[in-house]
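Have a look at the structure below before the remarks.
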């Protein structure tokens, strides 16, 4: 990467509608200030129950070398997997560069301070002073959440300041999501005094409440006015548009990045203004703006277009999944991704790095052991040819390839895993200021599934190879067994396209019975292995060697000669003599050998040649003085 400053941003669920606006704000400001951004994005939860294993998310964070960054932004708000936010926070406390928290106050970090209380006060006072409402209800988030506590307390404070009951007509504890709307509507409508307005602690609960009212005939704002908080994109698309309070994202981004730049240059940052004041806007849900039908039509058209695009994206994902399920190599995966990854937004570069172990094996190899902190690129898509392509390994101090472009770069890094298996990480650079959509996460899940399939397939294939090897290999000596010898020899002969001079040999150990009787069968097996090792080392000219059984060995040598046979016999005798010199047992290893050289074509019968070799071996054995088995 180039010499401009590089800022890391640690967050989760960045493809949520609220977070995408935050990312866009940071990306715009980063280009203005000419800094590179590297987002470390966690999946978080897949809805409410199918959470991604937090170990998979945090394990990758462990490998990140924070020394490569000039500053760090921490957004702990989106980590909705238990313990993940604390894990990342502990990691960031080890950073030597400045760290700023942008969503909650953390001792020891720089902190963006939000005047959430001021924003909520502005909304409640708008209902009281502008609309002259006195019967106001409050829908809180779950009360253990610090944002919910701040917003509820400020609601109560404003109500007291205006001489009204601090809980208004009633307070309902929601969930900061869409699931409590019906229950909340029933609660507010069952109160002794029906509220004129309801202040909700965020937009999602406000939307769910209005939908619940609509189903039972309560009109907003005509019957009850409703407001939200946070200024999400949904608040502006929903009908009626929500009156809400927005955290000004560009102001957050600008103040955070400027502080980190100055702090990394050792400038005094104690005077930096890190307080962000939210902006209240009053729209249709409180009655301040009329419902414009032209705008309604535009919204409907946009929603329909998004629906069509979503349908197309789903079809494209289904097609890509089918292709990836058939991929049996990383090159095919890369080609499929390059061709079909068109549904998560335009990108300029995509890289996928996988863990390697101490032997350099990638994490999708079935013999892979433990990660070493090294990563190997298996996917390298560089549309603008801006990166120095490299297939060598990367490590935690250099997670992104070097770019030859002088523009600022914005990367999104995510772990790639399946089940409990972590394969590595991906890095993508988008073409515009926006982050990718959820289909990028679908791709990563599918890539993890494909790599896991390759790993399991590799394990099965290696097991099959091992079993096949066992079926044709002699367990004692490691040579071919009789079946393996016959198969390999027969294939060699049937492959002849012309006549060749071949040789068959039969080798039989001498005096094996004496070794067994005197020293036991363990030593007899040791002697058999020793003789087989001598045979292996003597084979240097394409000989096929096998153990026929007991103490007898067969050799078939295609394309042989008398000189080759003499060289084999000389080497064999030398290796046996070498063993005997070092053998501390009171016996000498010896053998008898019979060989037969003949012309052979593809119809040759090596069984007949072995019979001749066996007869010659037996003749030699019987000619030895004092011959005994």
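Does the stretch 37-54 include one or more residues that are under 27 Å from residue 434 (Cβ atoms), surrounded by fewer than 20 Cβ atoms within 10 Å (Cβ to Cβ), modelled with pLDDT of 90 or more and in the same structural domain as residue 439 (by TED's automatic domain parsing)?
No, every residue in the stretch 37-54 fails to be under 27 Å from residue 434 (Cβ atoms), surrounded by fewer than 20 Cβ atoms within 10 Å (Cβ to Cβ), modelled with pLDDT of 90 or more and in the same structural domain as residue 439 (by TED's automatic domain parsing).
Before we move on, is residue 88 in a loop (DSSP other than H, G, I, E, B), touching a residue at least 24 places away in the same chain (Cβ under 8 Å), more than 20 Å from residue 266 (Cβ to Cβ) and not assigned by TED's automatic domain parsing to the domain that holds residue 164?
No, not satisfied.
Looking at the stretch 230-242, is at least one residue at pLDDT 95 or above, within 25 Å of residue 129 (Cβ to Cβ), touching a helix residue (DSSP H, G or I) at 6+ places or on another chain (Cβ under 9 Å) and surrounded by 15 or more Cβ atoms within 10 Å (Cβ to Cβ)?
yes
Is it true that residue 442 is outside any loop (DSSP other than H, G, I, E, B) and surrounded by 22 or more Cβ atoms within 10 Å (Cβ to Cβ)?
No, not satisfied.
Does residue 584 meet the test of being assigned by TED's automatic domain parsing to the domain that holds residue 614 and at pLDDT below 95?
yes
Being in a strand (DSSP E or B) and either within 14 Å of residue 126 (Cβ to Cβ) or out of contact with any helix residue (DSSP H, G or I) (no Cβ under 9 Å at 6 or more places or on another chain) (or both) is the filter here; which residues of the stretch 247-290 pass it?
279, 280, 281
Working carefully through the options 504, 489, find the one that is more than 18 Å from residue 590 (Cα to Cα) and over 51 Å from the mean Cα position of the chain (by Cα).
504
For the stretch 482-492, enumerate the residues that are touching a helix residue (DSSP H, G or I) at 6+ places or on another chain (Cβ under 6 Å) and over 12 Å from residue 610 (Cβ atoms).
Once the filter is applied, which keeps residues that are touching a helix residue (DSSP H, G or I) at 6+ places or on another chain (Cβ under 6 Å) and over 12 Å from residue 610 (Cβ atoms), the stretch 482-492 yields 483, 484.
Tell me yes or no: at least one residue of the stretch 500-510 is out of contact with any helix residue (DSSP H, G or I) (no Cβ under 8 Å at 6 or more places or on another chain) and either modelled with pLDDT of 90 or more or assigned by TED's automatic domain parsing to the domain that holds residue 548 (or both).
yes
Those residues that are crowded, with 19+ Cβ neighbours inside 10 Å and either closer than 21 Å to residue 473 by Cβ or out of contact with any strand residue (DSSP E or B) (no Cβ under 6 Å at 6 or more places or on another chain) (or both), I need them from the stretch 559-574; list them, please.
Within the stretch 559-574, 568, 572 qualify.
Which residue is nearest to residue 341 (Cα to Cα), if the candidates are limited to the stretch 356-378 and must be buried (at least 19 other Cβ atoms within 10 Å of the Cβ) and in contact with a helix residue (DSSP H, G or I) (Cβ under 6 Å, 6 or more places away or on another chain)?
The selected residue is 378.
Kindly indicate which of 210, 216 is over 25 Å from residue 154 (Cβ atoms) and over 38 Å from the mean Cα position of the chain (by Cα).
216
Within the stretch 349-356, identify whether any single residue is closer than 28 Å to residue 435 by Cα and free of Cβ contacts under 8 Å to residues at least 12 places away in the same chain, and answer yes or no.
For the stretch 349-356, residues closer than 28 Å to residue 435 by Cα and free of Cβ contacts under 8 Å to residues at least 12 places away in the same chain: absent.
Scan (1) assigned to a helix (DSSP H, G or I); (2) in contact with a helix residue (DSSP H, G or I) (Cβ under 6 Å, 6 or more places away or on another chain); (3) modelled with pLDDT under 95 for the single condition residue 303 breaks and write down its number.
The number of the failed condition is (2).
Out of the residues in the stretch 66-82 meeting the condition of being part of a loop (DSSP other than H, G, I, E, B) and in contact with a helix residue (DSSP H, G or I) (Cβ under 6 Å, 6 or more places away or on another chain), tell me which one is nearest to residue 397 (Cα to Cα).
Only one residue tops the list, namely 70.
Quick check on the stretch 590-629: of everything there that is modelled with pLDDT of 90 or more and in a loop (DSSP other than H, G, I, E, B), which residue is surrounded by the fewest Cβ atoms within 10 Å (Cβ to Cβ)?
Ranking the qualifying residues of the stretch 590-629, first place goes to 603.
The values are calculated or read from the model by the stated rules, or taken from the named source; none is laboratory data. Quick caveat, the model's predicted, so the values are computed rather than measured. Reconstructed Cβ throughout: ideal geometry from the backbone, glycine too, with neighbour counts over all protein chains shown.
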